[in-house]
Each structure stands twice: as structure tokens, then as C-alpha cells.
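Visitor: Handing you a structure now.
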Amino acid sequence: MTFFEKTIKRTFDIIFSVLGIIFTFPVILTAFIIASVDTKSFGIFRQKRVGKDGKVFWLYKIKTMRSIEGNTSTITTKNDMRITKNGKFFRNTKIDELPQLFNVLFGSMSFVGPRPDVEGYADRLEGEDRIILSVRPGITGPASLKYKNEEKILSQQSNPEEFNNAVIWPDKVKINKKYIEHWSFKKDIKYIFQTLTQKELWVEFFFQESSKKRIISFLFFDIFVSICTVLISYILRFNFSIEPELYHSIASIIVLLIPLKIAMFLVFKVYHVAWRFFGLIEYKQLVIAHFAAYVLFTIIYLIFRDDSSPFPRSIILIDFFLSIFFISFFRISKRLYLENKMISGGKKLLLIGVNDYSINMIKSAIRGETDYYPVALVSNNKRMVGTYFSKVPVYSISSIDKIIEYFEVDSVVILEQMDSKELDDLLIKLDNLGITEVKVFDYTIKSRY
């Protein structure tokens with residue numbers, strides 16, 4: 001590479017690493033918090049890698065593996081027991097690589113180049129192969145693209161480390177030598193484009209299992225709302241006129257408070273329940289998580305207040321209430337919207353019996369997985385009468401005729417155990433009440449033995 005070519009490559013790295021950090025910082029922050037909770041340790045992984053001219057540098061990634069005593073291998077396979085559940089997602093979508101944008105910015109890496117290896121590989125290159133050490137290692141490159149499923153390939157081998165040393169590593173050296181010898185800026189752009197348009201990357205990101213997708217979308221939404229509530233707090237406190245000298249304190253609060261808030265949401269399991277099931281218990285968890293986050297923020301501020309930007313204490317109080325209001329408001333609104341949508345579009349369903357099956361049917365209806373909408377539960381169990389399950393009331397089975405008339409029930413599902421005579425009598429009664437659509441679960445009839 002000529003001096004001019006190196007200048008073009010480095011200029012590109014600096015400009016786009018800065019832009020990348022700005023646009024992906026919320027993703028990096030979210031992934032860091034999830035990784036910290038997942039691995040029960042600091043969410044950033046760092047490891048010594050061999051870089052340009054054989055110099056060792058620290059490479060940074062989102063931590064995706066937990067420590068397992070006795071397992072110190074530097075070779076990672078697809079089914080490696082050390083990889084956490086969310087870590088697998090981060091690795092498949094390459095989110096774990098995002099902190100390397102800082103490596104690129106500070107000059108230890110480039111966007112495109114040979115992948116940096118741990119000591120014992122690149123530093124032992126000899127002869128013409130050492131040309132690989134003449135350039136900065138990259139986040140992606142031709143060898144990385146060819147072996148994008150390297151972990152899967154290694155998991156299929158009886159001895160992954162031996163296969164890596166004998167087959168994959170020599171082939172990577174060959175590919176990287178050719179890349180350097182025939183380098184062009186146009187090819188670098190092509191490799192970046194190929195990396196960003198990998199089908200597997202986007203399929204994994206947008207079509208991962210629903211619970212994972214839900215939690216990530218909740219995190220991004222709550223980060224956005226939290227930034228907005230801080231800004232609104234300042235606007236309200238200073239009567240829509242914020243002085244420029246306060247901008248630094250706004251940024252300081254956002255950078256410290258929001259990670260604390262998201263961390264407490266994870267600790268108090270705010271994200272364990274979908275918005276469609278948001279109720280009093282979830283609201284209580286949300287308030288406790290907020291209280292813990294703001295107390296921690298206050299303690300940290302008091303400890304380091306001499307080094308912190310000054311700001312009115314009332315801002316924290318205003319933001320506390322605004323954050324609880326807006327975050328809970330959107331969750332409640334989503335639940336009410338879904339329930340009203342079901343009421344207007346679904347067949348009215350009466351569930352006879354209160355048990356796990358009936359509760360699951362209610363949840364299934366709320367998720368929109370069925371055309372039926374449970375309007376009421378009836379039970380022989382007197383202790384259940386007068387209670388609610390996801391806002392669906394429980395009545396006595398003796399009032400079934402009045403309930404069917406009042407709610408204009410279209411269909412009935414019988415889930416409560418009863419003997420055959422009781423079931424026959426109930427079916428006759430339902431027929432007389434005009435209910436023609438009745439489903440009886442197999443386990444409903446009690447055994448005589």
C-alpha cells in the first residue's frame with residue numbers, strides 16, 4: 001500500500017468510526033447492560049490481540065460468555081457451553097463486535113483487514129506471510145466473510161483446535177495475503193457492504209424468538225422515553241428556556257441515570273412481562289426499579305459532586321415522576337388497545353373452570369392468537385368467586401344462565417372436572433340456553449376409580 005492509499009483508508013476509518021459510535025451507542029449501551037446481567041460481571045470483554053507490526057493491543061467486545069472453571073480454550077464453537085443465551089444472539093448479529101469501533105477510532109484496528117488473533121498465531125508468522133502484520137487488523141475482511149460460520153464448522157469437528165490450526169488458519173493466511181497484495185479502496189467498500197447485507201445477520205436480528213425481540217424493543221423504547229423525560233424536566237424547570245451552560249449537565253444525567261435505570265429494570269424483572277399483561281404488580285415493580293435507580297444516582301452524585309456538573313435537584317424529582325408516568329402510560333395504553341381490539345372483533349367466550357388451562361386461554365386471547373374473547377369465568381370453587389384473572393371476572397357456576405344472557409356469550413369451553421352426570425346436565429342446560437358451540441376438554445370427566 002502506498003502512503004496515499006494508507007491515508008485514504010485511515011481517513012475513512014476515523015470518519016465512519018465516529019459516525020458508527022454516535023449511531024450505535026444506544027445499542028452498545030443496551031448490549032453492555034444485558035451482558036453484565038447475563039454473565040454477572042462487567043459486560044465488556046477485553047483480550048490481548050496481535051496487531052500491526054506484531055504489536056499487542058487490547059480488543060474490546062460485548063461479553064458473550066460466562067466463565068467455566070477449567071475451560072480456558074481460545075477456540076470457540078457454536079455450541080460452546082460458555083456462551084450465554086443473549087450472547088448467542090449478540091454473536092450471530094455481530095452486535096458483540098460494535099465496541100471495536102473504538103479500536104478503529106484509536107488506530108489499533110481498521111474496518112477491513114485480517115482479523116486480529118490471540119498470541120500464538122499471527123506473531124509466529126514467518127517469511128512472506130508476515131505481510132499480514134503490515135496492516136491494521138480489521139473488523140471484517142475476505143477471510144472473515146468466507147468463515148462467517150467458523151464456530152459452526154468447528155463444532156462439527158472431533159478436535160476443533162487441531163482443525164483450526166491445520167485447515168482454517170493456513171487458509172486465512174492465504175486469503176489475507178492476497179487481500180493485502182491486491183488492496184483497493186473499492187474492495188474495502190465491497191467487503192463492508194457484503195458484511196452488512198449478510199442474510200443470516202438480518203434474519204437473526206428481526207426474526208429471533210419473540211421474548212428476546214420483545215426485551216430488546218422494550219429496552220430501546222425505555223431508553224428513548226428516558227432521554228425525552230430528562231429533556232422535558234429541564235424544559236419545565238426553566239420555563240422553556242434552557243441556558244447553553246446547562247447542556248453539559250443534561251448530558252451527564254442522561255449518561256449516568258439511564259444506564260442505572262435500565263439496569264434496575266432488569267434486576268427487578270420489569271421486562272419479564274409483555275405490555276399486554278401490564279397490571280398492578282408490574283406497576284409496583286416499575287416504581288421500585290425507578291426508586292432504586294434514582295437513589296443510586298443520588299448517592300453517586302453526592303460522592304462525586306465536586307467533579308460533576310451542577311444542576312437543580314428538582315430536576316431529578318420531576319424526571320422521577322415523568323419517567324414513571326410515561327413508561328407506565330404507554331404500557332397501559334398498549335394493554336387497553338389490545339383488549340378493546342379483542343372485544344370488538346372476537347367471539348364472546350365463557351370459560352367453565354379456573355385452572356392453568358383457562359388462564360392460558362385468556363393469555364392466548366390477549367396475545368391475539370385466537371378469534372375468541374373470554375368475557376367471564378365460572379367455577380364450583382367458592383373461593384375463586386369474586387376474583388379476577390387478567391381483568392376477567394370469576395362467577396359462581398350456579399349463575400351461568402344469567403352470565404350467558406348478560407354477556408351475550410357465543411361459545412363455551414368446559415375446563416372444570418366433574419362426573420359424567422354433571423357434565424351431561426350442564427351440556428343440556430347450555431343447549432337450552434342456545435349455546436351450540438361447546439368444547440369439552442378430555443380430562444374434564446372425573447375418573448370413577
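Visitor: Test each condition in (1) over 29 Å from the mean Cα position of the chain (by Cα); (2) modelled with pLDDT under 85 for Ile352 and report the one that comes out false.
Guide: It fails just one condition, (2).
Visitor: Quick one: Phe205 ticks every box in (1) of a type in the set (Phe, Trp, Tyr); (2) at pLDDT 55 or above; (3) in contact with a Phe, Trp or Tyr (Cβ under 9 Å, 6 or more places away or on another chain) except a single one, so which number is it?
Guide: Single failed check for Phe205: (2).
Visitor: Only one residue in Ser333, Ser364 is assigned to a helix (DSSP H, G or I), at pLDDT 85 or above and of a type outside the set (Asp, Glu). Which one?
Guide: On the way: Ser364 fails: at pLDDT 85 or above.
Within the list Ser333, Ser364, the selection yields Ser333.
Visitor: Any residue that is at pLDDT 85 or above and of a type outside the set (A, V, I, L, M, F, W, C) - is there at least one of those in segment 67-85?
Guide: no
Visitor: Return yes when Ser41 is of a type in the set (S, T, N, Q), in contact (Cβ under 8 Å) with a residue 12 or more places away in the chain, under 30 Å from Ala263 (Cα atoms) and not in a helix (DSSP H, G or I) and no when it is not. Break it down into steps so the answer makes sense when it comes.
Guide: Numbers: of a type in the set (S, T, N, Q): yes; in contact (Cβ under 8 Å) with a residue 12 or more places away in the chain: yes; under 30 Å from Ala263 (Cα atoms): yes; not in a helix (DSSP H, G or I): yes.
So Ser41 passes the test.
Visitor: Give the residues of segment 381-435 that are assigned to a strand (DSSP E or B), surrounded by 17 or more Cβ atoms within 10 Å (Cβ to Cβ) and free of Cβ contacts under 8 Å to residues at least 60 places away in the same chain, sorted by residue number.
Guide: Val392, Val394, Tyr395, Met418
Visitor: Is there any pair with a first residue in segment 242-260 that is free of Cβ contacts under 8 Å to residues at least 24 places away in the same chain and surrounded by fewer than 18 Cβ atoms within 10 Å (Cβ to Cβ) and a second that is part of a helix (DSSP H, G or I) and hydrophobic (A, V, I, L, M, F, W, C) whose Cβ atoms are under 7 Å apart and which are 6 or more apart or on different chains, and what are they?
Guide: Ile242/Ile235
The values are calculated or read from the model by the stated rules, or taken from the named source; none is laboratory data. Just so you know, these numbers come straight off a predicted model, no measurement behind them. Counting neighbours? That spans all protein chains shown, and the Cβs are built from the backbone with ideal geometry, glycine included.
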